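The values are calculated or read from the model by the stated rules, or taken from the named source; none is laboratory data. None of the values given here were measured: they were computed from a predicted structure. Cβ: placed from backbone, ideal geometry, glycine included. Neighbour counts: every protein chain shown.
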Amino acid sequence: MSPLATFAERIDAWGPRATGSTRPAALMRIGLGGIALIRFGDELAPYLSGTVAELFLGAAFFVLAACTVLGLRARVAVAGLGGVVLSLYFLARMELGDPGWGHHHVYILGAGLMLLSLTECGRSLSLDRYRALAAGTAPPCEHGLLLGQRLIALQLAALYFWTAADKTDWAFISGQRLEQTFTWVYSGRALEILLAAPWLLATASVVVLVVEYWLAFAILTRRWRRAAICTGLMLHASFYLLLPVNTYSVTVMVLYLALLDPAAVHRFIDRMLGQPEPA
Amino acid sequence: MSLNDAATARPSARPARDTRILVHRVVFAALAAFILLSPAPGQVFGKHSPWLREWVMYSGVGTGLPQGAFHIHDAAGTIIGTLTPLEAMGIAHYPNTEHYRFEGWMRTTGDLWRHATAACDRLENGHRLSFAGRVGTRDGWLDMQVEDVCPATGDAS
């Protein structure tokens with residue numbers, strides 16, 4: 001078999017043909033649904049609606065978000081919620097909605113939900129599963145295609161690569177762009193002291209750039225995945241604490257579930273529930 | 001026996017299963033290509049589209065902000081006071097979010113007055129406001145000296 005054919009076979013086995021436990025997808029479903037509620041809850045609440053269209057949009061959002069978190073008709077709800085979130089994003093991009101909806105955190109949340117809807121995210125930890133059990137029918141098998149999860153992993157890799165590419169210039173590497181960002185965020189606040197250390201900003205800029213390029217590839221490799229996940233989580237935790245990017249940070253952290261071995265997540269939950277390990 | 005096993009066991013189900021795998025491959029390839037390459041038109045070739053997300057987050061935050069000192073001059077030109085950019089705006093700190101809707105954000109190097117409207121409003125007759133420092137741009141800091149920041153009445157519209 002030629003190297004190209006071997007590579008194609010590996011991609012095929014990793015992506016479109018891969019199957020595994022549906023529990024990580026279920027955890028992502030609950031996490032992303034909760035983030036959507038927190039991000040848009042106070043903007044789409046029906047009492048704020050100025051038009052009937054806004055009222056329907058708000059109502060659809062809350063019904064779909066609730067069904068997403070609870071896992072009721074889960075895949076449809078997740079796809080619907082992703083559609084609503086992406087609609088808000090594109091409305092803003094076309095200057096028809098709130099400018100804040102056109103930001104990267106809204107896109108990654110909507111895209112994450114749409115890709116999650118390609119998984120069997122309702123088979124675990126869901127009302128769908130509970131209803132099947134309550135009805136006395138066989139509960140859905142907690143096993144399904146991982147295609148959506150693999151695409152989420154690719155989305156994270158693309159995000160890291162392209163954001164690193166955007167930072168690959170002297171203005172960023174020299175610390176100037178980070179200093180400008182910190183001027184906006186920290187002026188008049190306690191952390192303004194960081195602006196007095198340009199060498200620290202330059203060092204931090206180089207570290208961020210190297211880490212983002214590395215993450216773009218490391219999260220997709222078995223060899224580096226564990227280190228990449230730890231590094232990435234620390235990176236996003238520091239973003240959360242140091243910059244006003246909390247929705248983006250927690251969304252990406254939840255999407256990291258797509259990088260984990262589904263079988264390991266399944267076994268971990270079994271252990272936490274005190275269930276015996278399979279022989 | 002799972003549904004998948006059952007499908008494998010029945011020869012008649014084989015074409016349907018093959019079709020399903022083919023669909024999965026096509027969907028995966030199309031979405032993977034979109035995810036990986038869709039930022040390229042904007043980020044590589046400068047062809048921006050609202051439909052294609054570019055991963056340039058936070059790249060514009062801090063641009064258009066001055067860093068330096070605003071000086072108040074009396075009629076003789078003597079410096080009688082110095083203000084930080086925040087003091088010139090009359091605020092304690094910049095808002096948490098919505099950088100692009102910030103009133104003090106300079107769109108061009110010629111509209112520093114946007115940042116100093118509060119100081120300009122407080123300026124006494126015959127006094128002048130100057131600025132010495134730099135302004136953030138996408139390419140780094142740009143040195144900036146402005147002798148008379150405040151526009152003449154009616155020029156600021």
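For region A:178-216, name all the residues that are within 12 Å of chain B (Cβ to nearest Cβ) and either on the phi > 0 side of the Ramachandran plot or among the aromatic types (Phe, Trp, Tyr) (or both).
Result: A:Phe182, A:Trp184, A:Tyr186, A:Gly188.
Could you check region A:59-104 and list, in sequence order, the residues that are of a type in the set (D, E, K, R) and closer than 19 Å to A:Leu125 by Cβ? Walk me through how you get there before you give the answer.
Restricting attention to region A:59-104, the residues satisfying the condition of being of a type in the set (D, E, K, R) are A:73, A:75, A:93, A:95, A:98.
Selection gives A:Arg73, A:Arg75.
Could you tell me how many of the residues in region B:127-155 are at pLDDT below 90 and surrounded by fewer than 11 Cβ atoms within 10 Å (Cβ to Cβ)?
Residues in region B:127-155 being at pLDDT below 90 and surrounded by fewer than 11 Cβ atoms within 10 Å (Cβ to Cβ): 4 in total.
Would region B:24-41 turn up any residue that is surrounded by fewer than 18 Cβ atoms within 10 Å (Cβ to Cβ), more than 9 Å from chain A (Cβ to nearest Cβ), in contact (Cβ under 8 Å) with a residue 12 or more places away in the chain and under 26 Å from A:Thr181 (Cα atoms)? Quick ask: steps written out before the conclusion?
Initial filter on region B:24-41 (surrounded by fewer than 18 Cβ atoms within 10 Å (Cβ to Cβ)): B:25-27, B:29-30, B:33-34, B:36-37, B:40-41.
If we keep only those that are more than 9 Å from chain A (Cβ to nearest Cβ) too, we end up with B:30, B:33-34, B:41.
With the extra rule that they be in contact (Cβ under 8 Å) with a residue 12 or more places away in the chain, the set shrinks to none.
No, region B:24-41 has no match at all.
Quick check on my filter: what residues within region A:56-66 are out of contact with any Gly (no Cβ under 6 Å at 6 or more places or on another chain) and crowded, with 23+ Cβ neighbours inside 10 Å?
Quick first cut of region A:56-66, residues out of contact with any Gly (no Cβ under 6 Å at 6 or more places or on another chain) only: A:56-63, A:66.
Passing the criteria: only A:Phe61.
Give just the number: which of (1) in a helix (DSSP H, G or I); (2) in contact (Cβ under 8 Å) with a residue 40 or more places away in the chain does A:Pro16 not satisfy?
(1)
Please work out which residue is surrounded by the fewest Cβ atoms within 10 Å (Cβ to Cβ), limiting yourself to region A:18-50 and to residues that are modelled with pLDDT under 95 and charged (D, E, K, R).
Among residues in region A:18-50 that are modelled with pLDDT under 95 and charged (D, E, K, R), the one surrounded by the fewest Cβ atoms within 10 Å (Cβ to Cβ) is A:Asp42.
Do you know which of the residues in region A:95-104 that are part of a helix (DSSP H, G or I) and facing another protein chain (nearest Cβ under 9 Å) is farthest from A:Arg29 (Cα to Cα)?
Per the criteria, the residue is A:Pro99.
Output yes when any residue across region B:59-78 is surrounded by 17 or more Cβ atoms within 10 Å (Cβ to Cβ) and of a type in the set (Ser, Thr, Tyr), and no when none is.
Scanning region B:59-78, I find at least one residue that is surrounded by 17 or more Cβ atoms within 10 Å (Cβ to Cβ) and of a type in the set (Ser, Thr, Tyr), so the answer is yes.
Mind checking which pairs have a first residue in region A:251-272 that is closer than 15 Å to A:His143 by Cα and a second that is among the charged types (D, E, K, R), Cβ under 6 Å, 6 or more apart or different chains?
Qualifying pairs under 6 Å: A:Val265/A:Arg23; A:His266/A:Arg23; A:Ile269/A:Arg23.
Among the residues in region A:222-233, are any β-branched (Val, Ile, Thr), modelled with pLDDT under 95 and farther than 16 Å from A:Ala164 by Cβ? Before the answer, list the steps.
Step one: filter region A:222-233 for residues β-branched (Val, Ile, Thr), giving A:229, A:231.
From what is left, the residues that are modelled with pLDDT under 95 are none.
No, that holds for no residue.
Which residue, of A:Ala132, A:Ala53, A:Ala92, is more than 14 Å from every other protein chain (Cβ to nearest Cβ) and either surrounded by fewer than 15 Cβ atoms within 10 Å (Cβ to Cβ) or within 25 Å of A:Leu255 (Cα to Cα) (or both)? Steps first, please.
Numbers: A:Ala132 fails: either surrounded by fewer than 15 Cβ atoms within 10 Å (Cβ to Cβ) or within 25 Å of A:Leu255 (Cα to Cα) (or both); A:Ala92 fails: more than 14 Å from every other protein chain (Cβ to nearest Cβ).
The match here is A:Ala53.
Can you work out which of the residues in region A:105-129 that are part of a loop (DSSP other than H, G, I, E, B) and within 14 Å of another protein chain (Cβ to nearest Cβ) is surrounded by the most Cβ atoms within 10 Å (Cβ to Cβ)? Reasoning before the result, please.
Taking region A:105-129 and keeping what is part of a loop (DSSP other than H, G, I, E, B), we get A:117-126.
When the remaining residues are screened for being within 14 Å of another protein chain (Cβ to nearest Cβ), the result is A:117-120, A:123.
Working: A:Ser117: 23, A:Leu118: 24, A:Thr119: 29, A:Glu120: 21, A:Arg123: 24.
The qualifying residue surrounded by the most Cβ atoms within 10 Å (Cβ to Cβ) is A:Thr119.
Can we say A:Glu43 is over 20 Å from A:Leu115 (Cα atoms) and either in contact with a Phe, Trp or Tyr (Cβ under 9 Å, 6 or more places away or on another chain) or of a type in the set (Val, Ile, Thr) (or both)? Write out each step before concluding.
On the way: over 20 Å from A:Leu115 (Cα atoms): yes; either in contact with a Phe, Trp or Tyr (Cβ under 9 Å, 6 or more places away or on another chain) or of a type in the set (Val, Ile, Thr) (or both): yes.
Criteria met by A:Glu43.
Would you list the helices (runs of 4 or more DSSP H) that sit entirely within region A:168-232 and hold 2 or more residues that are of a type in the set (Val, Ile, Thr) and without any contact (Cβ under 8 Å) to a residue 60 or more places away in the chain? Walk me through how you get there before you give the answer.
Numbers: elements: A:170-173, A:176-186, A:198-218.
In region A:168-232, the matching helices (runs of 4 or more DSSP H) lie at A:176-186, A:198-218.
Being surrounded by fewer than 17 Cβ atoms within 10 Å (Cβ to Cβ) and within 18 Å of the chain's Cα centre (by Cα) narrows it down to one residue among A:Ser238, A:Ser249; which is it? Full working, then the answer.
Numbers: A:Ser249 fails: surrounded by fewer than 17 Cβ atoms within 10 Å (Cβ to Cβ).
So the residue among A:Ser238, A:Ser249 that is surrounded by fewer than 17 Cβ atoms within 10 Å (Cβ to Cβ) and within 18 Å of the chain's Cα centre (by Cα) is A:Ser238.
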